[in-house]
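The values are calculated or read from the model by the stated rules, or taken from the named source; none is laboratory data. Quick caveat, the model's predicted, so the values are computed rather than measured. No Cβ is skipped: glycine too gets one built from the backbone with ideal geometry, and neighbour counts run over all protein chains shown.
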Amino acid sequence: MQGICKLCNKEGTLKESHFIPKFIGKWIKKTSITGFLRENNDIHKRKQDIAKEYWLCGECEGLFSNWERQFANNIFHPFVDDNKSKASYENWMPKFCASISWRTLTYIRSKNPELKGSDEDYKLLDAAESHLAKYLLGENKYLEHYKQHVFPLEEIESTTQAGLPPNINRYFLRVMAMDIINNSENIYIYTKLPRFIILGVVKSSESQDMRSSQIREKSGKIKPRDYWWPEGFISYIVEKTEEISAKSKAITEKDGKKFEEFILKNPDKAANSKQFEAFIHDYEMFGDDVFR
Ligand SMILES: [Zn+2]
């Protein structure tokens with residue numbers, strides 16, 4: 001399809017690209033109980049695929065896929081498949097994170113042209129979108145204050161935090177989501193992947209406190225450490241996790257039956273899936289509350 005590439009603004013043949021990298025949707029499908037991508041997005045339809053549109057030219061798509069491959073091979077798969085919790089990265093990591101944040105920002109804005117917020121916020125989002133695009137194209141050398149943060153997530157076995165919803169492990173380990181989150185002080189671009197949250201700064205008064213999650217421009221390490229979560233972040237996550245649980249309850253009876261039948265017919269596939277494993281982590285922590 002001919003069109004204008006959203007990243008470089010040049011006219012050319014556009015490729016069909018995914019907003020959340022394809023290897024992530026593939027992994028979720030492969031490790032789900034039924035082999036469909038139905039766990040958490042649009043619960044009424046078994047989604048075969050995640051949001052994709054014609055919006056990047058071949059050259060820009062090529063840039064993205066190179067960083068994606070590095071992230072997939074060096075971080076994502078070792079963490080999700082082999083339970084690794086440490087990894088080193090080079091310059092592809094800030095690029096990958098910025099490409100994710102840019103995609104989320106562009107996607108959310110295209111779906112909500114009148115995104116709530118003041119005129120000033122609107123200008124800030126414009127400026128962020130343009131700075132990130134130039135950074136991805138190599139026209140801006142540094143991220144400057146549009147820092148990228150990564151929070152690796154592990155299953156929770158116990159917590160002192162009261163009021164965590166009983167599907168929290170499934171949210172941490174399985175869910176994909178894109179959003180822009182803000183309060184009066186801060187605006188962040190939020191991308192949730194299985195086992196990771198990528199947070200892109202648009203405006204933040206908490207940069208100093210958040211240093212432990214900040215992705216370095218040249219090279220660095222992801223490892224277990226004390227992460228400082230931005231203000232309101234935990235309540236946001238709890239709210240989203242509860243929304244998913246409410247949506248799951250709205251599954252039509254017919255869909256629920258099909259799901260049950262599949263499990264009865266394929267007990268081994270179900271028991272060995274990562275989706276089931278995430279459910280068991282919740283069950284071990286919350287007991288019968290997971291069925292409520
Ligand atoms: Zn392009």
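On the given criteria, is VAL238 closer than 30 Å to ALA128 by Cβ, at pLDDT 80 or above and assigned to a helix (DSSP H, G or I)? So VAL238 fits the description; yes. Only a single item in (1) at pLDDT 95 or above; (2) within 15 Å of the ligand (Cβ to nearest atom) is not met by PHE71, and it is number (2). Has the stretch 36-55 got at least one residue that is within 16 Å of the ligand (Cβ to nearest atom), farther than 22 Å from LYS141 by Cβ, touching a Leu at 6+ places or on another chain (Cβ under 8 Å) and at pLDDT below 95? Yes: the stretch 36-55 contains one or more residues that are within 16 Å of the ligand (Cβ to nearest atom), farther than 22 Å from LYS141 by Cβ, touching a Leu at 6+ places or on another chain (Cβ under 8 Å) and at pLDDT below 95. Annotation: of all residues in the stretch 8-21 being out of contact with any Ser or Thr (no Cβ under 9 Å at 6 or more places or on another chain) and not in a strand (DSSP E or B), the one that is farthest from the ligand (Cβ to nearest atom) is ASN9.
Of all residues in the stretch 78-89, none satisfies being buried (at least 21 other Cβ atoms within 10 Å of the Cβ) and within 16 Å of the ligand (Cβ to nearest atom).
Any residue at all in the stretch 164-171 that's in contact with a Gly (Cβ under 8 Å, 6 or more places away or on another chain) and buried (at least 18 other Cβ atoms within 10 Å of the Cβ)? Before you say what the answer is, go through the steps one by one.
Start the filter on the stretch 164-171 by keeping residues that are in contact with a Gly (Cβ under 8 Å, 6 or more places away or on another chain), which leaves none.
Taking every residue of the stretch 164-171 in turn, none turns out to be in contact with a Gly (Cβ under 8 Å, 6 or more places away or on another chain) and buried (at least 18 other Cβ atoms within 10 Å of the Cβ).
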